[in-house]
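If you scroll down you'll find the structure; I have some questions about it.
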Amino acid sequence: MRVTFTANGKPVEADDVWEGESLLYVLRERVGLPGSKNACEQGECGSCTVYLDGVPVCSCLVAAGQVQDREVRTVEGLAEESGDLGLVQQAFVDAGAVQCGFCTPGLLVQTDALLATDPQPSDTDIREALSGNLCRCTGYEKIMDAVRLASARTCAKAVSE
Amino acid sequence: MEFLRPATWDEALAAKAEYPTALPISGGTDVMVEMNFDVHRPSAILDLNRIGDLATWSIDGDTVRLGAAVPYSRIIDELSGPLPGLALAAHTVGSPQIRNRGSVGGNLGAASPAGDSHPALLAAGRDVFVEAASVRGTRLIPIDDFYTGVKRNSLEADELIRAVHIPVADGPQQFSKIGTRNAMVIAVCAFGFALHPKSRTVGTGIGSAAPTPRRAVEAEEYLRGVLAERGLWESGDLLGTEVIQRFGELVRDAASPIDDVRGTADYRKHALAVMARRTLTWTWNDYSKQIRSAA
């Protein structure tokens, strides 16, 4: 079947999609957006987290046919239009929150969603928000640092604006 | 495989009548796992995402009509007042991403004994109904008749779950669940408990400790009797350790768990008695406070 939807603001079209195929597969293999990572395929790890109509979800658990005419925003869509890294992405780089990097795209989207609703989360709020994103390298401390840094920068930006 | 995308509820019922073996999908948090691992390949997938009604809820008098596809995250945000037990259960489901997609309709459709909604629905009382519909009409299935076996429910092949009718809480409710961590846990076992002061009854629900979610009937009857005989609904006085202990034992005895990878039968029975005592104590303390502050 054919599936058409919006990915990071641009219309995309995927042909020959199998009816049981996931949105994650379509993003990675059919429309050239391999940022979202394929790890557990059962919603346990959060590496494939994307926005679907503004709500963060595991793209491995969304059937491709379900996104027809809807809006998807992936980790690629977190960057600035200029191509520079977005605020959350830069914070992860600056805090050294990336080791192997496989979990990073999901963490970036989930952190972006957290700060959009709660720009100044407590540590408990951060842990709860990221509880569906597994990282097997870092022990999470650098990730916590990165989210705190992104939070501080988000707040500073809001003040200066 | 077919991918069916009805735009309206009537179209969905027509599609389910035409393809009775079609697998309904909404949040996909169960269905897509089966698809990704090729556990199950249905003849057709019936996508319900376009039917906006399914993701709405309303309150009519003292009953909440919860659309089958209202995601857990919205139950937590919007319904923790009228449905405190279900909201607590919803908070233990998976992760934020899963709670953004998963719904009570999916839990009921899958009918896994480990589904987190079930103990809360059972505890909410006997006036909980699953609204099932087909091209033949709509029926309200009492929650006590809904679960028929491991991952089996009383839906007919041409029926879809449209909503769940749940009484608005008129007393404290609690939910407790055992797992290895707070997030991403399939319950080793779970327990829901509710006080219903208006009807002078209590509700229980056991999860992951029998072939189906089930009520601890004797425990409910025992506690109802004690509360009535001793005038405790009126006084809000202490229950006493003996009553709490006995309640825990009766809940434990109502379970018939198995040994599996998540835990042993003995552990589940022990844990259920502990959770029953705790949830009873928590809710009764809340109720006592309400009585005293009203006095």
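A short reminder: the numbers here are calculations on the coordinates, not readings from a lab. Only a predicted model underlies this, so the values are computations on that prediction, with no experimental measurement involved. Note that each Cβ is placed from the backbone with ideal geometry, even for glycine, and that neighbours are counted across all protein chains shown.
What are the residues in region B:5-59 that are in contact with a Gly (Cβ under 7 Å, 6 or more places away or on another chain) and more than 11 Å from chain A (Cβ to nearest Cβ), if any?
B:Pro24, B:Asp53, B:Leu54, B:Ala55, B:Thr56, B:Trp57
Here's the yes/no breakdown for (1) loosely packed, with under 13 Cβ neighbours inside 10 Å; (2) of a type in the set (A, V, I, L, M, F, W, C); (3) within 20 Å of the chain's Cα centre (by Cα); (4) assigned to a helix (DSSP H, G or I):
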| position | (1), (2), (3), (4) |
| --- | --- |
| B:Asp253 | no, no, no, yes |
| B:Ser256 | no, no, yes, no |
| B:Arg268 | no, no, yes, yes |
| B:Ala273 | no, yes, yes, yes |
| B:Arg278 | no, no, yes, yes |
| B:Trp282 | no, yes, yes, yes |
| B:Asn285 | no, no, no, yes |
| B:Ser288 | no, no, no, yes |
| B:Ile291 | no, yes, no, yes |
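Of all residues in region A:123-147, how many are part of a loop (DSSP other than H, G, I, E, B), facing chain B (nearest Cβ under 9 Å) and more than 14 Å from A:Ala39 (Cβ to Cβ)?
Qualifying residue count, region A:123-147: 2.
Only residues that are out of contact with any helix residue (DSSP H, G or I) (no Cβ under 7 Å at 6 or more places or on another chain) and either outside any strand (DSSP E or B) or hydrophobic (A, V, I, L, M, F, W, C) (or both): list them for region B:191-207, please.
B:Lys198, B:Ser199
For the list (1) free of Cβ contacts under 8 Å to residues at least 12 places away in the same chain; (2) of a type in the set (A, V, I, L, M, F, W, C); (3) within 25 Å of B:Ile186 (Cα to Cα), I need the number of the one condition that A:Leu24 fails.
Just one mismatch for A:Leu24, condition (1).
Of the residues A:Val57, A:Val50, only one is within 9 Å of chain B (Cβ to nearest Cβ) and not in a loop (DSSP other than H, G, I, E, B); which?
Working: A:Val50 fails: within 9 Å of chain B (Cβ to nearest Cβ).
The unique qualifying residue is A:Val57.
Could you identify the single residue in A:Gln42, A:Gln120, A:Gln99 that is assigned to a loop (DSSP other than H, G, I, E, B), within 11 Å of chain B (Cβ to nearest Cβ) and surrounded by fewer than 20 Cβ atoms within 10 Å (Cβ to Cβ)? Steps first, answer last, please.
Values: A:Gln120 fails: within 11 Å of chain B (Cβ to nearest Cβ); A:Gln99 fails: within 11 Å of chain B (Cβ to nearest Cβ).
Exactly one of A:Gln42, A:Gln120, A:Gln99 is assigned to a loop (DSSP other than H, G, I, E, B), within 11 Å of chain B (Cβ to nearest Cβ) and surrounded by fewer than 20 Cβ atoms within 10 Å (Cβ to Cβ), namely A:Gln42.
Still on this structure, please answer the following. Inside region A:61-81, can you point out the residues that are within 13 Å of chain B (Cβ to nearest Cβ) and either closer than 19 Å to A:Thr104 by Cβ or surrounded by 23 or more Cβ atoms within 10 Å (Cβ to Cβ) (or both)?
A:Leu61, A:Val62, A:Ala63, A:Ala64, A:Gly65, A:Gln66, A:Val67 - these are the residues of region A:61-81 that are within 13 Å of chain B (Cβ to nearest Cβ) and either closer than 19 Å to A:Thr104 by Cβ or surrounded by 23 or more Cβ atoms within 10 Å (Cβ to Cβ) (or both).
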